[in-house]
Structure formats: structure tokens, C-alpha cells
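Reading through the C-alpha cells given below for one structure.
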């Protein structure tokens, strides 16, 4: 099927599912239908190691019914898109909603701030449904080239975990019983490679990747190969370092995790549940005044662009952190109502289950100093290039993670270090940001520069 | 009633006819292929979640699809589809076979049932054991219990979920296997508050058994008590120390150490490719004398257990380390063939829409002879860690981490105070050589483990006796 046929077909499914659930007794309904196709080729040691082809479809529905104690709802999903499957799913979700517990605060899908027809048309014109630009053969050639360059980068590269080229298209349709229906398609291509330097117990592995809407916008296979190989070689023969307090520079690749921790902590649901260390921090300065972070759903470089969220609510950009101050929590309609906060259009919808909350494109505004200048400014410290583990307590902000990178002495990198941990508390870490670099780097839907944080504890020898 | 619309299924009935499978298989497999299979799955899952004293989220999902696979040498071709009509199946077969050079088709094979393996769990939907009202009542009871235990409990979250996967595997030679896999999980977490300071604690349990189990014994209530105890304990936690020191691990879930430090590094794909720090170490000492580590997929009703793996191989008890010597790897069929060995029954996939990888099942260390009290008493200055959150490993350098969720600072063999969550870091090929005492108290975890690899999640189990490690880096803030 062509793109437009697929869109037509899944839009039809979403709207028919809404109608079926209404017929089964639901008062309010919204539904999603998705159709994804994807291919990937992986190359190892110059030969094709695997090809994968995925052809996935599914639909999900949220149905509200009137009970004598108020509105109750449930969600359900299925991969069976036949007419009988639609009807079965509609009957099932309504039956489930009837035995659910009514919630006086429930926000049914009616009266949302939907984008209008002109906005939908303008969005389509700005982000036309374009092909990813790859065939299996072209993807295979790119992966082949990337892996070969990485393997042959130097004699220190001893082994390969392979290169992978993936591409695909995702079609999503949303429909609500209040009459709003919209759909969009997204295509993307990505290229990655992972190689190993050294041997035996001295092996070091590293990787590089890039993803873009169109294959022609990807970094070249050479750039990706060289980054992976250089990184693996630079980490050879790491040592430990002395335990103690130090300033840590997170390069962009590791600094993205700070954005993740921030977004998790200002998630409206977590705020409502008092499960975040920033629950009481709205309108407070939580970063130094040179920190600016925006959620931008309409950025030409971002993979997270969206006109409306998982509830059909219009997405508008906003500065989450404005001169260090926390401007908003991210909300879906339910948490906005409960917290008496604006709707930010941040509902993230899977086919079934709870509605999640997430950002669109996150951009941490860069500073003026290069990474080298940042190292020169701090004098002694640690450059973190890799982190491992999940040691973050979202309720308290307590932070302790495995790390690897480079020891900085007198403003210069002196040697690689690994097998260490870095620890602190996110609230203090945010406040202790000393510098933000000029090296803004995009990773899919987030863009972040290097960040220097003082007063962290390193555990090593 | 169960929530999901689960049609009455005769478990021996395929969603696709035998004739269709035969023609898809012969279309898919050129004469030169080494292996290949079709994997059909029908899964239903249900979940109820309570917060603010009310069951707020009720959800269900139904998924079915086919994974088609062709193997030739080191290469594999995969196709995954949610559509089970014969046209979609033929397209999937054509995609999967692009990996092997086109050649003569195989003649159709007769599809025949493989001999059944002993059943480790009941082949029925575990949701049927506790109807919706009973599940709702269970969650409400747990909420009330948590709030009654301590006035500092501010928020209670409880979730009960179940899934049931019906799997059919047809191998290249026509051998046909079936497995019906129940899986349930109950989770409780609480937020406590004291003088404006908040903390959280959580506990969970589950396995391959009916939801009915949660209504019978005190398991559910115990989870609540544990979650509340952990949260209150953490309110009083001091900063953890930073640096290298001896660590004593408690029994059970701390076995995540083995999963990260040893288990992943012994998976066949990494070792065949020489990318694991354990590559070529077979027969060598990798752990202290007295240490024996097994991966056992055959324990009745455990979360990591399977009647057959996702390639239809019966699971088994595999000895990975015997008395400190590396004796075995975890293998699927492809890596076993390439390494000249037999599959160990560890070929697993998250679903039909994911490729097979060698994975762990239930990984644990056998009990030793030391009493847990003696082990703790031996700790001069160090950390006693009883509960953990997640862990991760870099199998190439061997560096692994796991993060404490209940740990204590110990001096002169006596517990001094609880410490905040800290990440412990070590190297997989070194850590077990630093073990000096092994407890006689092996425990398996409560059934909460999920292992991630290559973007795929599968349920696993771990286990450990109390263990003393003479040197591990503790990632606290108190340097």
C-alpha cells in the first residue's frame, strides 16, 4: 500500500472504532490506530549478519461510560484490525469500563484544545509525508561502508559488533467522539556502528549512531565510523582515580541523561503523586540563571515534532527553564485539571494502558565555551563519556551511577578512567552547574551541550 | 470473569492451518539454509492499577502475529507480521529468505508434533484465577493495610497484572512445539513523608501461576509491609560511603550480581564473536573455589522458567561455573551450531516481533557452608546490602553496576545505620574471585526480574546465598 492508502485505511479504523464503542454504549471515546513498517540490515566483519522486516499494526481505544457514581473508563488494544476484531475490541473495552471504578476527576475526550483544519493543513505543508530515502540495498551499502571504515580505522581496532542501518515509516491516526480526527506519518533512517579496541581483559567497546527523517540528512558512514573507532581507542588502558569531590563535565552524549532526569521530575503525574523531588519547585530557581531549556514541538532538526498530543491537544512550545527558573510542569488534561496548571499538550499515548507524559523536542540552549575551554576553566576534574546503571531516586533526587571517561588535570585530558561511580543529589547538581558548553548536539528529539557540575563525589580507589 | 476477550482455545489448535504453514515453510527455506522456523504467538494481558485509594486504570491488550526466520551460517533473515492471512505470511517468508541465496526450494515437510516436555506451569490464563471484583478488592485491601501500618504513608500505588502467551513453533524439519505461558505480577509502592522529607519504597512478586495465589497466602500483605518498611527505613538513611571496601550481599534478589557480572558475559553470541571478557576462558578459574553458578529454566512456576525456549528446545539446568571454574555458555541453536555445541535451551525472544537471542532463565549460586551471621560478623567496616534496584553490564570490559535500595553501614560486625541508595561497580571477571565466604542460605528472588538486551525484555529469575566480597567500589557521596 502507498502512504496515502495506509493513512486512509488506519484513519478509517480509528474512526470506525470510535463509532463501534459508541454503539456498544460508551459516552465518550477516543482511539488510535497505528501501522508501522520497518527494515534493518546489520553487517559484521564485512558480511550481512541479519536482515529484519517488520510489518506491524494495532489499534487502541479508551472508552468512558456513565455509571450512577460518575464517569468510569478503561483502555484496551488489539492487533486484529478486521471488522470482527474492531467490534470485539469495542465490546470488550465498554464491558471493562462498566466494571471500573468511577473517577470524579476523570477528563473525557471532549472539549480539548484541538488544532483546527487550517493548522492541520499548514503542518502537513511544513512537514510533508516524505519517504526515508533508503532501500534495503542502499542501507546495506551504507552499513557495509561504515563497518569497514570503523574496522580498518587503526590496528588497535580488534573486533566488531557490527553496523546497523534501519529505516521505516510509522503512520498514526487519532479520532475522538467529539468529532476531531487527524493523522500523521513519520519516516526515519538511522545508522550505527560498534567496534572493539584492544584484546582479552583489556577490550574496550564504543559506538556511534545517528538518526534523521531522511537518509540524506544522516551523518556520513565515515563520520559515524570514525567517532566509534576513536572513542573505543581513546578508552584503552583505563585506570581508576582517587575517591573524592570533583567537578564533572558531561559531554553531550552523557548530558542528555540530565534532560531525562529533569523531564521525569516535572512530569505532572509524578508531581500529583508526590513522587518527584521537584514537586514543590514550580516558579523557583532550580538552575543557575544562565540555564535555558525549551520544549519545542516544531523544530526543523528535531525528531520529536508534533502538532497534537495523545489526547488530540494542540502542542505549543514553551520555555521549561527560563533563566534557571522552573516555568511549568508537563501535563496531560487530567493532571492539568488536578494540579490547576495549564495543559501543555504532553500526553504520550500507547495503544493501551495509562496515558503517559513526555516532552516533544528538548533543547538546552548552548553557552559560549568550547569543551576545551571548559576543561581549562575547571582545571582538575572528570570528563564523563559513558554512564552505566539506573541509580537515580526520583523522589529524593539522590544520584549514584557508574561512569567512565577521562581524568582532567591542569585543564587537559591526562588519561582514561573506568570502574568508578559519580554521586550527588540532582537538586544540588542542577544548582551546581558551573558552565554550559557551545557544542550543542542533537540526539533524535533532544539537543544538549556539554555541562559542567561542581561538587560531585567520585568513588574509585 | 476475566477482562480480556479470550476465545475458548483448544491449545492444540493453530490460528493458521497446517497446510498454510507447510507451504509457507517450504516457500521460505531454500535448500542451502541451515535452520529456520515459524513462531506464532497469541497473547492476552490485563492490568489493574490503584492510586489515591481507587482502582484508576484498567487495561487489556490482545496481540497475535508471526515471526519467520531463516538461518544460514552467521546470518539470519527475520520477518515479523501482525497479519495472519496467507498473503501476508508468504510475504514474510519471502523477506526472511533474502538472507540465503536463492536456490532450490525444499520439498514440503510433514509437520509433526514433537514429544512433549514435563509441564512446569499450568497452561491456562492466570487471570481466570481471580475475577475483576476480587482483584479490585485485593488492591483496595493492600492500600488500606499500607495506610494502617504507619501514619507517615502518604501515597500507595498497587498494580496487579497478568499475561498469557500461547506459542506455536514449527521448525525447518517440521517438528512442531507448543507452549502456553502464564505470568503474573503484583507490585506495591508507597511514598512516605516526615517533616517535609519524602521517600519511597516498593516491593513486588510473581511468577508463572494463577492470580488466585495472591488471594490465598500472605504474600500480598508481605509485599505491603516490605514496601512500607523500606520507605520508612530510607527516611533515616545516611549518606553512603564512597570508595573501595568489603561488601556483604544478602540472599535472594542480590543475585542480580550474578546476572550482570557473569550471566550476560556467558551468553553465546558474545562469546562466539569474541566480544565478551569471558571469551576463551572456558576451563579457567573465574571465581573463588566453592562457587558454583547455574542457570536453570526448569524450576516449577518461576518467572524465568520455560517448558521449551523460543526455539522449541526443552530448558535445562546448565552449570556455568563449577567450583570456580568456567564450564559452560548459554546457547541458542544458531550460536550452538557455530560453536560446535548443542543448544542449552536459552534461545529466547520478547515476542514474535523480535529475533531470538541467547538469554538467561533463572541464574543463581548454589549454597555454601557459612552461616549468614558469621558472614556479617566478619565485616569490619563495610556495606551490608540486602535489596537492589536495577543493574547493567558492559560485557566487553566486564564492568557492571547494581544499585542498592536497602543497605546498611557495618562496623565491627554490627549494623550501624541504613545508607542511601548507592551504585556498586566492579568487573565481572574479577568480582567472584574476591568472594571469601558463601552462606548456607540460598534464596531465589520473589519473581520480579526483567532482563533487557538488544532492546528486548524477557522475564528472568536470580538467586544468591549470603555472600562476602572482599572488595567492591561503593558509589556513595561520603568520600
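All of the numbers you see were taken from the coordinates with simple rules; none came from a lab. Please read these numbers as outputs of a predicted model, since none were measured by experiment. Heads up, the Cβs are rebuilt from the backbone with ideal geometry, glycines too, and the neighbour counts pull from every protein chain shown.
A few points about this structure:
- Across the range B:199-289, the relative contact order, built from alpha-carbon pairs under 8 Å that are at least six residues apart, equals 23 percent.
- Per-residue mean of C-beta atoms belonging to partner chains within 10 Å, peptide B:243-252: 2
- Alpha-carbon centroids, the range A:284-333 and the range B:102-137: separation in whole Å: 46
- Ranked by how many other Cβ atoms sit within 10 Å of their own Cβ, fewest first, the residues A:91, A:280, B:309 fall in the order A:280, A:91, B:309.
- The angle separating the long axis of helix A:3-23 from the principal Cα axis of greatest extent in chain A is about 50 degrees.
- Cβ neighbours within 10 Å from other chains - mean over B:420-429: 6
- Tilt relative to chain A, helix A:136-151 - C-alpha long axis, 0 to 90 degrees, to 10: 20
- The modelled label-to-label distance between residue A:234 and residue A:377, using points 7 Å beyond Cα along the C-beta direction, is 1.9 nm.
- The range B:286-300 residues near the modelled residue A:201 label - backbone nitrogen below 16 Å, point 7 Å along Cα→Cβ: B:286-289
- FRET efficiency, 1/(1 + (r/R0)^6) with R0 60 Å, evaluated for residue B:374 and residue A:339 via beta carbons: 0.70
- Inter-chain neighbour count for B:151-158: the average number of beta-carbon atoms from partner chains within 10 Å of each residue's beta-carbon is 1.
- Here r is the Cβ-Cβ distance between residue A:8 and residue B:150 and R0 is 60 Å; the resulting FRET efficiency, rounded to 0.05, is 0.60.
- Chain B, relative contact order in percent, only Cα pairs under 8 angstrom and at least six apart counted: 16
- Cα gyration tensor, the protein assembly as shown - rounded (a/c under 1.5), prolate or oblate: rounded
- Computed from label points 7 Å out along Cα-Cβ, the spacing between residue A:126 and residue A:220 is 3.2 nm.
- Extension gain from residue A:135 to residue A:257, taking 0.36 nm per residue of separation minus the Cα-Cα distance: 40.6 nm
- Taken along its principal axes, the alpha carbon cloud of the range A:238-461 reaches lengths of 52, 34, 33 Å, longest axis first.
- Descending by average beta-carbon neighbour count within 10 Å, the peptides A:412-421, B:403-412 line up as B:403-412, A:412-421, the highest first.
- Helical content of chain B, expressed as a calculated mean residue ellipticity at 222 nm, amounts to -5000 deg cm²/dmol (DSSP H runs of 4 or more residues, -39,500 (n - 2.57) each, divided by residue number, nearest 500).
- Cα centroid separation, the range A:52-126 to the range A:236-268 (Å): 39
- Helix-derived mean residue ellipticity, 222 nm - over chain A, DSSP H n ≥ 4, -39500 (n - 2.57), to 500: -8000 deg cm²/dmol
- In terms of its C-alpha gyration tensor, chain A comes out oblate, because a/c is 1.5 or above while a/b does not outweigh b/c.
- Set of the range B:221-263 residues, backbone N closer than 18 Å to the point 7 Å along the Cα-Cβ line of residue B:411: B:237-248
- Judged by the ratio a/c of the largest to the smallest principal axis of the C-alpha gyration tensor, chain B counts as oblate, that ratio being 1.5 or greater while a/b is no larger than b/c.
- For the range A:339-386 versus the range B:374-415, the gap between their alpha-carbon centres in whole angstrom: 31
- Residue order, fewest to most surrounding Cβ atoms within 10 angstrom, among A:37, A:276: A:37, A:276
- Taking B:169, B:71 and counting other C-beta atoms within 10 Å, the order from fewest to most: B:169, B:71
- Residue B:284 versus residue A:327: modelled label distance in nm, points set 7 Å from Cα along the beta carbon direction: 5.6
- Summary value for chain A: 15 percent relative contact order, contacts being C-alpha pairs under 8 angstrom separated by 6+ residues.
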